[in-house]
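Only one structure is covered here, and it is reproduced in the block below.
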Amino acid sequence: MKVRYIVDPEITGFTNRFNDHGLGEVIVGFDAGDMDSVYIKDLEVQLPDGRWILLSQAFRDKIVLGDNYDQRFDFSDEDDRARGWIR
């Protein structure tokens with residue numbers, strides 16, 4: 001999923017994995033070619049309809065849910081939200 005920094009929206013990248021060593025962080029592959037771990041609170045995510053919202057809010061609203069097996073997360077559907085995790 002596409003993400004961008006809140007403080008500098010020009011910096012964008014993609015993410016779908018939690019950092020398993022950094023609490024509250026996700027691993028982001030930036031469009032510039034590098035990769036780093038970033039706090040969830042510092043990112044916005046682009047929804048499938050093109051709108052941007054805080055990544056933390058997307059988790060709270062269960063728009064984005066984690067996998068039940070590893071560090072992966074993705075957009076959820078109605079069944080995922082009822083279950084509490086993505087398949």
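None of the figures in this text is laboratory data; all of them are computed from the coordinates on show. This one's a predicted model, so the numbers in the text were calculated from it and none came from an experiment. Glycine also receives a Cβ, built like all others from the backbone with ideal geometry; neighbour counts cover every protein chain displayed.
For the reader, a short list of remarks on this structure follows.
- For the range 4-83, the set of chymotrypsin sites (Phe, Trp or Tyr not before Pro) satisfying both a DSSP loop assignment and a count of at most 13 other C-beta atoms within 10 Å is given as Y69.
- Residue among I27, I40, I11 with the largest mean-square fluctuation in a Gaussian network model of the chain, springs linking Cα atoms under 10 Å: I11
- Base-10 log of normalised Debye intensity for the chain (one unit scatterer per alpha-carbon) at q = 0.14, 0.15, 0.19 Å⁻¹: -0.44, -0.51, -0.81
- Calculated from backbone phi, Karplus (6.51, -1.76, 1.60) coupling profile of the range 22-36 in Hz, x at Gly/Pro: x, 5, x, 10, 10, 8, 10, x, 7, 4, 6, x, 9, 9, 7
- Per residue, the average separation of C-alpha pairs within less than 8 Å and at least 6 apart gives the chain a relative contact order of 21 percent.
- Between R51, R17, R72, the GNM of the chain built on Cα springs shorter than 10 angstrom shows R51 fluctuating the most.
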